[in-house]
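**Q** Following this message is one structure expressed as structure tokens.
The values are calculated or read from the model by the stated rules, or taken from the named source; none is laboratory data. In this text the structure is predicted, and so the values were computed from the model without any measurement. Here the Cβ is made from the backbone with ideal geometry for all residues, glycine too, and neighbour counts use every protein chain on show.
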Amino acid sequence: MGEKKGYKTVWVLLVILTGVASSCISQREIVVDLFQPPQIEFPDNIDTITILHRVSANERDYLLNDRTKLGGKMEQGVHILAGERAVFGFLNHLADADRFFLSGNIRWLDTINLPVDTFPPPLSWDVVKKFCNEKASDILVTLETIGYQTDIQYSEYRRRVSENKNKVWSKTLLYNVQYQIMQKADFTMAVRAGWRIYDPAGQRILLEKWTNDSIVYEVDGQTRKIVEKKLPSIESFAERAGYVTGEHFARLVLPSYKTVVRYYFGGGSDEFREATTLVKFRNWEDAVKLWKKLLHEAKPATQAKLWYNLALVAEMKGRPEEALSMLAMAANLHHNPEITHYRDMIINEWKMKREAL
């Protein structure tokens with residue numbers, strides 16, 4: 001009988017503990033898509049765009065004269081190739097943005113002759129209207145100029161190699177064959193591109209912007225010669241760097257989404273748990289309704305967690321200012337390190353984004 005009572009006591013405790021655990025509010029991890037609004041807002045009546053790659057006379061000459069040797073490879077036309085890939089990077093982002101319809105993609109050989117790191121004079125409005133009328137486009141996006149610089153830094157490091165049992169090993173530095181000196185190269189390409197957006201109807205330049213991007217390629221080998229053979233050609237590197245700068249400009253002028261890991265508070269009362277279930281099915285609209293309802297009934301500590309969840313939804317919609325305002329209300333209600341951490345993270349990301357403009 002005594003043993004049976006003991007088992008009953010254990011089961012009762014388990015039931016109580018399970019009930020307590022289910023009623024606790026705790027943070028849950030979730031992957032969400034954050035809306036990234038463009039840095040420039042276009043009028044709603046602008047629906048179609050044409051993109052133009054403006055190739056100056058001296059850039060065109062690079063097709064014949066720009067021959068650079070690197071790692072035994074000869075490349076040419078790097079500026080124009082980088083420009084083509086920049087346009088391609090922009091177009092790929094345009095297809096995902098679902099905001100504009102592409103009506104034309106043009107490469108135009110201009111007659112001007114300017115350094116590649118200088119903005120050329122704007123296109124005449126007759127030329128802009130000509131291209132837009134031919135392609136039935138509302139605006140003209142132009143890659144006006146693009147230039148690049150390369151740099152290679154060599155270094156060496158000591159790498160431990162697997163032991164060969166057929167060799168006699170020594171621990172002295174002079175005869176230590178357990179380590180091998182490796183050669184390393186860091187190949188950097190920096191790309192600087194100039195962009196304009198023309199509005200022919202209003203005869204306005206909506207945006208004039210430089211984008212600066214760089215990519216690094218690391219290779220290593222036993223000798224300098226092996227390392228240099230592993231280096232990519234300038235041509236292939238220009239393709240990668242150009243694509244990156246095209247995507248960069250697209251993110252400035254087109255809406256996009258960024259996938260990140262975030263946290264929210266779940267559990268608690270029946271309605272709180274119901275909202276948690278809705279979040280799991282990505283039904284954010286109904287979850288928000290429940291959280292707002294609970295705000296009027298909950299204690300301050302719980303209200304703070306509800307404001308935290310509402311701030312997450314605001315951030316997902318691309319409204320960092322609104323999210324920060326909600327987190328400030330949460331912090332005033334209850335001191336919670338998770339709330340402080342989330343607020344600081346949004347502030348830092350917002351600051352970094354503004355500095356990148």
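**Q** Restrict the check to the stretch 256-269 and report whether at least one residue is within 16 Å of residue 315 (Cα to Cα), surrounded by 17 or more Cβ atoms within 10 Å (Cβ to Cβ), within 14 Å of the chain's Cα centre (by Cα) and not acidic (Asp, Glu).
**A** Scanning the stretch 256-269 turns up at least one residue that is within 16 Å of residue 315 (Cα to Cα), surrounded by 17 or more Cβ atoms within 10 Å (Cβ to Cβ), within 14 Å of the chain's Cα centre (by Cα) and not acidic (Asp, Glu).
**Q** A further question follows. Only one of 244, 253, 219, 191 is surrounded by 17 or more Cβ atoms within 10 Å (Cβ to Cβ) and either among the acidic types (Asp, Glu) or over 22 Å from the mean Cα position of the chain (by Cα) (or both); which?
**A** Step by step, each of 244, 253, 219, 191 is checked, and only 219 is surrounded by 17 or more Cβ atoms within 10 Å (Cβ to Cβ) and either among the acidic types (Asp, Glu) or over 22 Å from the mean Cα position of the chain (by Cα) (or both).
**Q** If you go through the stretch 260-273 one residue at a time, how many are outside any loop (DSSP other than H, G, I, E, B) and either modelled with pLDDT of 95 or more or within 21 Å of residue 327 (Cα to Cα) (or both)?
**A** 9
**Q** Out of all the residues in the stretch 234-293, which are closer than 30 Å to residue 87 by Cα and of a type in the set (D, E, K, R)?
**A** Once the filter is applied, which keeps residues that are closer than 30 Å to residue 87 by Cα and of a type in the set (D, E, K, R), the stretch 234-293 yields 235, 239, 240, 247, 251, 258.
**Q** Among the strands (runs of 3 or more DSSP E) lying completely within the stretch 1-116, list those that include at least 1 residues that are modelled with pLDDT of 75 or more and either surrounded by 15 or more Cβ atoms within 10 Å (Cβ to Cβ) or basic (Lys, Arg) (or both).
**A** Counting at least 1 such residues, we get 25-36, 48-55, 101-109.
**Q** Taking the options 306, 324, name whichever one is in contact with a strand residue (DSSP E or B) (Cβ under 8 Å, 6 or more places away or on another chain) and not aromatic (Phe, Trp, Tyr).
**A** 306
**Q** How many of the residues in the stretch 147-170 are in contact with a Phe, Trp or Tyr (Cβ under 8 Å, 6 or more places away or on another chain) and either modelled with pLDDT under 85 or farther than 16 Å from residue 187 by Cβ (or both)?
**A** Here the count works out to 5.
**Q** Starting from the stretch 211-222, take each residue that is more than 25 Å from residue 197 (Cβ to Cβ) and list its partners that are assigned to a loop (DSSP other than H, G, I, E, B), counting only C-beta distances under 8 angstrom and pairs at least six apart or across chains.
**A** 217/231; 217/232; 219/231
The rows are residues; the columns are (1) touching a Ser or Thr at 6+ places or on another chain (Cβ under 7 Å); (2) aliphatic (A, V, I, L, M); (3) farther than 23 Å from residue 35 by Cβ.
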position: 242; (1), (2), (3): no, no, yes
position: 253; (1), (2), (3): no, yes, no
position: 263; (1), (2), (3): no, no, no
position: 284; (1), (2), (3): no, no, no
position: 297; (1), (2), (3): no, no, yes
position: 302; (1), (2), (3): no, no, yes
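**Q** Need pairs with beta-carbon distance below 6 Å; first residue more than 14 Å from residue 97 (Cα to Cα) and within the stretch 241-255, second modelled with pLDDT of 95 or more; sequence gap 6+ or separate chains.
**A** As it stands, the answer is none, since no pair meets every condition given.
**Q** Could I ask something else about it? Can you tell me which residues in the stretch 200-241 are part of a strand (DSSP E or B) and within 30 Å of residue 159 (Cβ to Cβ)?
**A** Result: 214, 215, 216, 217, 218, 219, 220, 221.
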